[in-house]
Each structure stands twice: as structure tokens, then as C-alpha cells.
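In what follows, a single structure is set out as C-alpha cells and then discussed.
Coordinate-derived values only; no laboratory data. For clarity, every value in this text was computed on a predicted model and none was experimentally measured. For neighbour counting, all protein chains shown are included, and Cβ atoms are generated from backbone atoms with ideal geometry for every residue, glycine included.
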Amino acid sequence: MYLYKLLTEKEQESLKLPDNYPNYPTAEEIIKSESKHKTIIIKMIFGWKKEIWYPLRKKTDIDDNKREELKIKAISDLIISIANIYKKEVNVTFEPGVFSSFYNPETQTIGLNKPSIVSALHELAHHLFGPDEIKACKWSVHLFRKTFPKAYQELQWYGHVLIKPDLAMVKNLTPKLKEEKQEEKQKEKEIKTKK
């Protein structure tokens, strides 16, 4: 989130969900028109995915903490490489205790709270293009969709944010998932009454 880190702790607490922050676009606004990306960036991400990301995800000889550390390093390297294509150097840090990933324009630093490619691309968009949320959302979501089409299809919209279905299910966040969960409970109830 752009400037999130600059808020006081009390202000950060008042933003319980990202959608409470002013001027966030809707999912419809984000996906209604394509965002353009440099061909070299798309090719670079496909290469990074093949050579770095997929092998890292398949490693079996490391524990979860080490895997998370390596994912953060890999994502950081990707973000720095994309920024270099635009000739706009950026710093990337891992901030596991913060509410959300952020971009601080004063220090030109992206803080990642978890190893999320789409969040990292979003914060990079703020670094490259400024505080415009619709532009940052469009650029990052469409780039993610182009380069990670299968992963994109598996995500759920929650306001302007894409989240993993397991997170949505645990938090019962999306209306569609709520509806599906209610239907599932109803079916279970019907099965129990038939017994």
C-alpha cells in the first residue's frame, strides 16, 4: 500500500482491511481494460519463473522458513531487475510484522510482508508510476495475469486485492465463497437428516 508505512500505528490499526483506505478501485475497474507492459519484462518474468521460481517451489531439502527466505530473495531480485529496466533503482526489504506490503517514496523502498509476487508487482508499480492506485492495480494485476495465468485463475477477488482461495475460505471473505460454504453446510445438514 502506497504510503501505508508513513501512517502512525494508531492510523494503521484503524485500517483493518485494505478497502478502508481511500480511493481503492474495484475489481471491475481494474480488469475492465488491459494495461500495457514492455515485452522485455514479460520475457524476463517467464525466464525467472522457469529458472528461479519453479525450481525453488519444488525444492524438498529445505524447511518452510528457509523456503520463505529464498522466495523473498527471489522476488526481491525480480523486482530490482524490472526497476532497472525502467532505470529507476529501488530497495526491497522483508517486513514480516507489518499489516501489508508497502512502498515508501521517500526512501524508494518496497517493504514486503510476505513472499507475494502480485503484491511486490503492485508496490513496484507505485515506485515506477506514483501513487495512482488504479494504475498500480491495473499494471500489477494484468502483468501477473499475463505471466502467471494459472495462478491468476486460482485467486479470488477481495475488494481490489487478489487472495489465495484457502485464505478466503479461512477468513470467509468473498461473497461467492460465503455462498458456496452455506450451500455446503446445507447439503451436510440434508445428509444428516436423511440418516
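Sparsely packed loop sites in the range 38-127 (the chymotrypsin sites (Phe, Trp or Tyr not before Pro) outside DSSP H, G, I, E and B with at most 16 other Cβ atoms within 10 Å) comprise 86. Subtracting the Cα-Cα distance of residue 113 and residue 36 from 0.36 nm times their residue separation leaves 25.0 nm of extension gain. Cross-link list 43/150; 59/88; 36/88; 59/138: which exceed 21 angstrom alpha carbon to alpha carbon? The pairs that break the limit, which is 21 Å between Cα atoms, are 59/88; 59/138.
Loop-located trypsin sites (Lys or Arg not before Pro) across the range 59-167 with a Cβ neighbour count of 11 or fewer within 10 Å are 59, 87, with loop assigned by DSSP. For the range 77-152, GluC sites (Glu not before Pro) are listed when DSSP marks them as loop and at most 13 other Cβ atoms sit within 10 Å of their Cβ; the list is 89, 106. For the range 24-64, backbone nitrogen atoms closer than 17 Å to the point 7 Å from residue 98 Cα along Cα-to-C-beta are found at no residue.
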